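The values are calculated or read from the model by the stated rules, or taken from the named source; none is laboratory data. Small disclaimer: the values here were computed from a predicted structure and weren't measured. A quick note on method: Cβ atoms are made from the backbone with ideal geometry, for glycine too, and the neighbour counts reach across all protein chains shown. What goes into the accessible areas is simple: the full protein's heavy atoms, side chains included, and nothing from ligands, DNA or RNA. Shrake-Rupley method; radii C 1.70, N 1.55, O 1.52, S 1.80 Å.
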Amino acid sequence: MPSELEFEKPLSELKNKIQELKGFMEKNGLDLSGEVRRLEEHLDELTEETYNHLSAWQRVQIARQPGRPTTLDYIKGVCTEFIELHGDRNFRDDPSIVGGVGLIDGKPVTIIGHQKGRDTKENIHRNFGMAHPEGYRKALRLMKQAEKFGRPVVMFIDTAGAYPGMSAEERGQSEAIARNLLEMAGLRVPTISFVTGEGGSGGALGLGITDRVYVLQYAWYSVIAPESAAAILWKDSTQASRAAEVMRITGPDLVELGIADELIPEPKGGAQKDPAAMVATVREKIIESLRELAKKPIDELLTERYDKYRDMGEYVER
Amino acid sequence: MLRDLFNKRRHYATLGKTVEREKVPTPDPVEKDIPKGLVEKCDACGNLIMGKELQKHAYTCPECNFHFRVDAYTRIALTLDEGSFVELNGDVTSTNPLGFPDYESKLEKAQKSTGLTEGAVTGEGTIDGVPVAIAVMDPRFIMGSMGSAVGEKLTRIMERATEVREPLILFTASGGARMQEGILSLMQMAKTSVALRRMHDEQVLFVTVITHPTTGGVSASFASLGDIIFAEPGAMFGFAGKRVIEQTIRQKLPDDFQTAEFNLKHGMVDKVVHRKQLRDALGVLVRIHSARGWADAE
Ligand SMILES: [Zn+2]
């Protein structure tokens with residue numbers, strides 16, 4: 001079960017109260033259905049109120065909830081057949097990024113994504129979804145393989161960031177991410193990506209130059225995690241919520257800034273409340289998107305990809 | 001005949017060795033025979049297995065998952081749709097280009113004991129109805145070494161697959177180069193690689209399945225060049241032999257050194273697949289690669 005967030009407590013308290021009242025009714029043979037109905041209406045209102053006015057920081061917390069579908073969950077839900085492929089052919093298989101080949105709706109795809117763990121043990125194995133250079137190199141190998149066989153690439157982005165550590169630096173974290181940016185720019189097959197949870201900086205972008213970028217309703221994507229931003233800006237990481245607000249990192253912000261093409265609605269309260277529904281929504285979007293992109297000649301797609309990223313940034317000339 | 005088999009195998013049996021259930025043991029190098037008797041003894045756990053039972057388990061030990069070595073035709077039968085195999089270039093055989101002493105008699109002996117003309121069998125067939133080219137190296141034939149004839153057969157099947165645009169599935173097993181052919185043997189690495197370059201440029205799927213043992217020149221050429229590389233559990237896959245490395249660096253190497261699982265961890269193979277699941281996994285791969293694209297009509 002996903003853990004409960006602070007701002008969701010009034011909701012669960014109310015839910016418990018309704019349950020208790022129902023139990024009391026049954027036990028004592030009393031009819032309090034009017035009161036129950038009143039409370040249930042109140043719960044609906046409160047639920048709407050809570051989730052319709054989430055702060056950026058609350059969204060970040062939802063994006064980090066365990067129980068949200070991970071890349072492997074999406075793969076399992078969208079593919080009729082899938083084979084996971086491992087390794088960068090150089091140094092190591094990085095469990096923080098997974099990928100492979102499969103069929104969606106009978107059509108071939110390569111799928112790649114960050115992989116977080118479901119529990120502490122798996123998170124240690126997955127390094128909390130923070131990839132090493134070999135993870136990005138595995139991703140690149142699979143992208144080039146997809147290009148060779150003319151199948152589109154679907155990527156799932158969910159990482160706090162690329163792993164900041166000595167081992168990663170020794171093996172060229174920067175080079176690995178940089179190489180992916182260069183190669184994704186020229187990949188001669190349609191590419192789409194979904195920011196499904198956390199879009200942590202370069203570690204996220206390393207899988208993220210694509211023809212279409214979809215961002216889930218409660219996902220965030222930024223140059224830096226709010227805690228780190230607060231530490232730098234105000235020398236105080238407890239100011240993370242303030243940083244989250246000012247940095248415009250939420251899904252709607254990303255669409256408005258032209259970083260993401262479309263916001264993908266999540267189940268009420270977040271993907272973790274109904275993972276199956278979330279996966280189904282994503283599956284539909286993949287099919288719709290890849291059908292549309294497949295209609296375009298690849299050179300046209302590459303020109304559009306170029307233009308899209310060429311136009312990123314805002315400035316004035318005087 | 002049964003007694004003969006046991007007598008013959010006794011030399012190599014590792015009796016009294018305990019084996020962890022979870023780990024898939026690595027077969028000892030090369031000398032092992034391929035099961036053909038009524039009852040077989042698992043080299044890893046000592047379990048006695050009826051021939052029929054062994055066949056049912058795709059020649060793996062039901063107790064400890066030890067993968068018995070299988071000959072080329074058994075491998076083909078385990079992989080392709082029944083009756084679909086057509087052998088190609090079966091008449092390509094070795095000669096003695098360097099006039100190497102006793103090479104002819106060695107070849108003759110290998111041919112007699114294996115019933116094969118050379119160390120690789122190649123041809124075409126189908127997996128779940130999808131046409132594929134297939135090549136299987138047979139570890140029994142002079143340790144699965146690669147001479148000019150093996151190189152030629154593999155190159156021809158690569159060219160064939162490229163020409164008709166069908167996936168090539170290559171089961172590797174090799175002790176390395178065939179010393180008796182000297183530099184010509186080394187150049188089979190180059191020959192197969194130039195053929196693979198064309199296959200790559202023509203975007204034809206090349207899958208290698210690493211079986212025990214795949215070492216030396218074969219590992220340093222086509223075995224490592226699969227678009228997708230599967231490996232059987234416990235199979236040794238590496239460049240230099242473990243003993244050579246230990247002597248060079250004067251250190252003891254870990255038990256799992258160069259196993260399929262070791263290679264998976266180190267990023268060199270895509271997936272370790274139990275032999276019982278191998279046919280299905282290959283089926284999925286060829287289906288994905290023969291599926292209609294997103295732009296095609298429904
Ligand atoms: Zn056994």
Test A:R118 against the stated conditions and say whether it is assigned to a helix (DSSP H, G or I) and in contact (Cβ under 8 Å) with a residue 40 or more places away in the chain.
no
Over region A:217-250, the set of residues closer than 21 Å to A:M312 by Cβ, free of Cβ contacts under 8 Å to residues at least 60 places away in the same chain and open to solvent by less than 20 Å² (accessible area, probe 1.4 Å) is A:S222, A:A229
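Matching residues to (1) β-branched (V, I, T); (2) more than 26 Å from A:M155 (Cα to Cα):
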position: A:F7; (1), (2): no, yes
position: A:K27; (1), (2): no, yes
position: A:T47; (1), (2): yes, yes
position: A:Y51; (1), (2): no, yes
position: A:R64; (1), (2): no, no
Restricting region B:263-285 to residues that are open to solvent by less than 40 Å² (accessible area, probe 1.4 Å) and part of a helix (DSSP H, G or I), the one farthest from the other protein chains (Cβ to nearest Cβ) turns out to be B:R275
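Specify the residue that is farthest from the other protein chains (Cβ to nearest Cβ); the eligible residues are those in region A:145-161 that are in contact with a His (Cβ under 8 Å, 6 or more places away or on another chain) and open to solvent by 10 Å² or more (accessible area, probe 1.4 Å).
Per the stated criteria, the residue is A:D158.
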Restricting region B:65-79 to residues that are of a type in the set (S, T, N, Q) and either under 17 Å from the mean Cα position of the chain (by Cα) or open to solvent by 60 Å² or more (accessible area, probe 1.4 Å) (or both), the one nearest to the ligand (Cβ to nearest atom) turns out to be B:T74
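Quick grid of which residues meet (1) among the basic types (K, R); (2) within 12 Å of chain B (Cβ to nearest Cβ); (3) assigned to a loop (DSSP other than H, G, I, E, B); (4) over 30 Å from A:N16 (Cα atoms):
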| site | (1), (2), (3), (4) |
| --- | --- |
| A:L46 | no, no, no, no |
| A:Q58 | no, no, no, no |
| A:Q61 | no, no, no, no |
| A:P66 | no, no, yes, no |
| A:Y74 | no, no, no, yes |
| A:R89 | yes, yes, yes, yes |
| A:I112 | no, no, no, yes |
| A:Y136 | no, no, no, yes |
| A:M143 | no, no, no, yes |
Given (1) within 14 Å of another protein chain (Cβ to nearest Cβ); (2) open to solvent by 50 Å² or more (accessible area, probe 1.4 Å), B:H289 misses just (2)
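Yes/no per residue for (1) assigned to a loop (DSSP other than H, G, I, E, B); (2) within 16 Å of the ligand (Cβ to nearest atom):
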{"site": "B:I49", "(1), (2)": "no, yes"}
{"site": "B:K52", "(1), (2)": "no, no"}
{"site": "B:Q55", "(1), (2)": "no, yes"}
{"site": "B:A58", "(1), (2)": "yes, yes"}
{"site": "B:E63", "(1), (2)": "yes, yes"}
{"site": "B:D81", "(1), (2)": "yes, no"}
{"site": "B:S84", "(1), (2)": "yes, no"}
{"site": "B:D91", "(1), (2)": "yes, no"}
